[in-house]
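S.K.: Dropping the structure in here first, questions after.
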Amino acid sequence: MSYGLHSVEAIYDSAQPFFFTTASRVQSDINAEVNFGVGLSFARLFGSVRSDTGIGLSGVEISVSKGRQRFRAQTDAEGRFRVEGLSSGEYQIKIDRDSVPPGYSVTELETQRTMVDPSAPGQCAFTLRAIRNISGRVTIYDPTSQREISVPRITVLLRELSRESVTDENGIYLFPDLPAGPYSLAVIYEGKESKKEVMLPAGPAFPKSIDLNLVAK
């Protein structure tokens, strides 16, 4: 080989995507050592766990798997998670039910699947429904006993959703599985209406003492 500068180029053949961490072609003098750096390109997965009102849920454990490969992640304060260093292919993403905060339903949880590739990170999003119920008792003043007594088998109206609940033998009514927002409860008795206003928050809520007191003629 003649003296002077020579152009040296590295050609790397790999079934997996890669990139050079150094220049792939350099100028070098004779008898000099030339080093090239190669890095493999791995895929990434981004995801989120949020409530039905869009609130990010923190501390939720996530399992990501493909065959024998297993990865773990945990949601941050905004409900986001990410997994790095994945090989290309389809992955299964599951939520650890025991890590879900209290007050959120896990009955609808299903395993998600997504493809990942170094050129196209995988994406997945879980939505957990917050449990919100309204319950209470319907009563009426009894002059004979001079106290409030329960009113069984009377209909309570939830006007915003056009739903009805009939009280049980103890005068108890229940409206389960409600979205967040304001509600008007009403009972019509002997032509008179008794009502209560209730606001359900974005998170889980179980107000149990929204009582309605009837007014007799």
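The values are calculated or read from the model by the stated rules, or taken from the named source; none is laboratory data. This one's a predicted model, so the numbers in the text were calculated from it and none came from an experiment. So basically every Cβ, Gly included, is an ideal-geometry build from the backbone, and we count neighbours across all protein chains shown.
S.K.: So, of the residues in the stretch 56-68 that are touching a Gly at 6+ places or on another chain (Cβ under 9 Å), modelled with pLDDT of 95 or more and outside any strand (DSSP E or B), which turns out to be surrounded by the fewest Cβ atoms within 10 Å (Cβ to Cβ)?
M.R.: Checked the stretch 56-68; the qualifying residue surrounded by the fewest Cβ atoms within 10 Å (Cβ to Cβ) is SER58.
S.K.: Sticking with this structure for a sec: Take PRO204 and tell me if it is in contact with a Lys or Arg (Cβ under 7 Å, 6 or more places away or on another chain), within 30 Å of PHE46 (Cβ to Cβ) and at pLDDT below 95.
M.R.: So PRO204 does not fit the description; no.
S.K.: Pick from VAL156, VAL138, VAL166: which is touching a Gly at 6+ places or on another chain (Cβ under 6 Å) and at pLDDT 95 or above?
M.R.: Of the residues listed, the single one that is touching a Gly at 6+ places or on another chain (Cβ under 6 Å) and at pLDDT 95 or above is VAL138.
S.K.: Further question: Hey, does the stretch 143-154 have a residue that's in a strand (DSSP E or B) and either in contact with a Leu (Cβ under 6 Å, 6 or more places away or on another chain) or not assigned by TED's automatic domain parsing to the domain that holds ILE188 (or both)?
M.R.: No, because not a single residue in the stretch 143-154 is in a strand (DSSP E or B) and either in contact with a Leu (Cβ under 6 Å, 6 or more places away or on another chain) or not assigned by TED's automatic domain parsing to the domain that holds ILE188 (or both).
S.K.: Report every pair of residues separated by at least 6 positions or lying on different chains whose Cβ atoms are under 7 Å apart, first residue within the stretch 181-207 and assigned by TED's automatic domain parsing to the domain that holds ARG159, second assigned to a loop (DSSP other than H, G, I, E, B) and small (Gly, Ala, Ser).
M.R.: Final answer for the pair search is GLU190/ALA216; LEU200/ALA180; PRO201/ALA180; ALA202/ALA180; GLY203/GLY103; PRO204/GLY103.
S.K.: Oh, and also: Condition first: surrounded by fewer than 16 Cβ atoms within 10 Å (Cβ to Cβ) and farther than 30 Å from ALA216 by Cα. Can you find one or more residues in the stretch 127-136 that meet it?
M.R.: yes
S.K.: Within the stretch 178-217, track down each residue that is of a type in the set (S, T, N, Q) and part of a strand (DSSP E or B).
M.R.: SER184, SER194, ASN213 - these are the residues of the stretch 178-217 that are of a type in the set (S, T, N, Q) and part of a strand (DSSP E or B).
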